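Trainee: Starting off with a structure, shown below.
The values are calculated or read from the model by the stated rules, or taken from the named source; none is laboratory data. Just so you know, these numbers come straight off a predicted model, no measurement behind them. In this analysis, Cβ positions are derived from the backbone assuming ideal geometry, glycine residues included, and neighbour counts consider all displayed protein chains. These area figures cover heavy atoms from the full protein model, side chains too; ligands, DNA and RNA do not enter into them. Shrake-Rupley method; radii C 1.70, N 1.55, O 1.52, S 1.80 Å.
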Amino acid sequence: MKIELGQEQIEVHVEYGPRKKISIHIDPNGWITVKAPTHTGDELLIHAVKRHGDQILQQLHAIEASRAETKVKAYEAEGKFLHLGQYYFLHELIDTNGRSLEELQLDLKKFYFTSCKKVIGERIKIYQKQLKVTPKSFKIEESHTKWGSCNSAKHLTFNYRLAMAPIEVIDYVVIHELCHLVHMNHDRSFWRLVGSVMKDYKDKEAFLARYGQAMTL
């Protein structure tokens, strides 16, 4: 569920259950969980979140500031970065000898773009056969809002940050976009097609929602 707080929009995950009141939880990655009594209406949920809007934004901003500080430190000495779901020392991914901070940042982003293009290309070949579809092309880009996209001309686009995710999560995004070659919307037929190839796709969606913010440079 997306909720507007002032000039910002936040994403919250709602968990319903046999409880008496609404509670809000924010984990260290900025994942917001709203726990509510079964059958609680959306208006009541939104009201509860907005009532604590200032505190929520303050905590999210603090998490983001801490993450930004950690990013800078990660480029020093034995900093670690995600690649295909595993952490590696920076020098295991790129050459760090005699490189400035700006050069390290640029080289690492280039590494992710190259790695993402290679892996996505390999996974497309596998799943396009299963789905009996053929995209006209695919490209890798930088995006802060989406992991992948498919347009009516059958051109696919993928976020370079997927190179940080486990391969099964990358597979989900590839399958998702390939299924759009058959169904351009997100109706039941689309999700049935996705599920026919990856039964636990909802787990992969939840992974991206929860850890996607940490998969960044």
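Trainee: Which residues, taken from region 25-38, are surrounded by 18 or more Cβ atoms within 10 Å (Cβ to Cβ) and in contact with a strand residue (DSSP E or B) (Cβ under 6 Å, 6 or more places away or on another chain)?
Mentor: Result: Ile32, Val34, Ala36.
Trainee: Further, regarding this structure: Within region 118-132, identify whether any single residue is assigned to a loop (DSSP other than H, G, I, E, B), among the polar types (S, T, N, Q) and open to solvent by 60 Å² or more (accessible area, probe 1.4 Å), and answer yes or no.
Mentor: No, region 118-132 has no match at all.
Trainee: It is to be established whether one or more residues within region 186-208 are open to solvent by 50 Å² or more (accessible area, probe 1.4 Å), among the aliphatic types (A, V, I, L, M), within 30 Å of Glu76 (Cα to Cα) and out of contact with any helix residue (DSSP H, G or I) (no Cβ under 6 Å at 6 or more places or on another chain).
Mentor: Within region 186-208 (the criterion being open to solvent by 50 Å² or more (accessible area, probe 1.4 Å), among the aliphatic types (A, V, I, L, M), within 30 Å of Glu76 (Cα to Cα) and out of contact with any helix residue (DSSP H, G or I) (no Cβ under 6 Å at 6 or more places or on another chain)), the answer is no, since none of the residues qualifies.
Trainee: Now, a different point. Condition test on Tyr172, is it open to solvent by less than 50 Å² (accessible area, probe 1.4 Å), farther than 19 Å from Lys204 by Cβ and within 19 Å of the chain's Cα centre (by Cα)?
Mentor: Answer is no for this residue.
Trainee: Hey, does region 177-191 have a residue that's at pLDDT 95 or above and touching a strand residue (DSSP E or B) at 6+ places or on another chain (Cβ under 6 Å)?
Mentor: yes
Trainee: Under 8 Å between Cβ atoms, at least 6 apart or on separate chains: pull out the pairs that start in region 183-210 with a residue that is in contact (Cβ under 8 Å) with a residue 40 or more places away in the chain and end on any residue that is open to solvent by 40 Å² or more (accessible area, probe 1.4 Å) and acidic (Asp, Glu).
Mentor: Pairs found: Ala209/Glu11.
Trainee: Step by step: first the residues of region 1-24, then only those that are part of a strand (DSSP E or B) and among the small types (Gly, Ala, Ser), then the one that is surrounded by the most Cβ atoms within 10 Å (Cβ to Cβ). Which residue is that?
Mentor: Ser23
Trainee: Being closer than 26 Å to Met215 by Cβ, touching a residue at least 40 places away in the same chain (Cβ under 8 Å) and either open to solvent by less than 100 Å² (accessible area, probe 1.4 Å) or under 21 Å from the mean Cα position of the chain (by Cα) (or both): is that true of Leu82 here?
Mentor: Considered against the rule, which asks whether it is closer than 26 Å to Met215 by Cβ, touching a residue at least 40 places away in the same chain (Cβ under 8 Å) and either open to solvent by less than 100 Å² (accessible area, probe 1.4 Å) or under 21 Å from the mean Cα position of the chain (by Cα) (or both), Leu82 comes out as yes.
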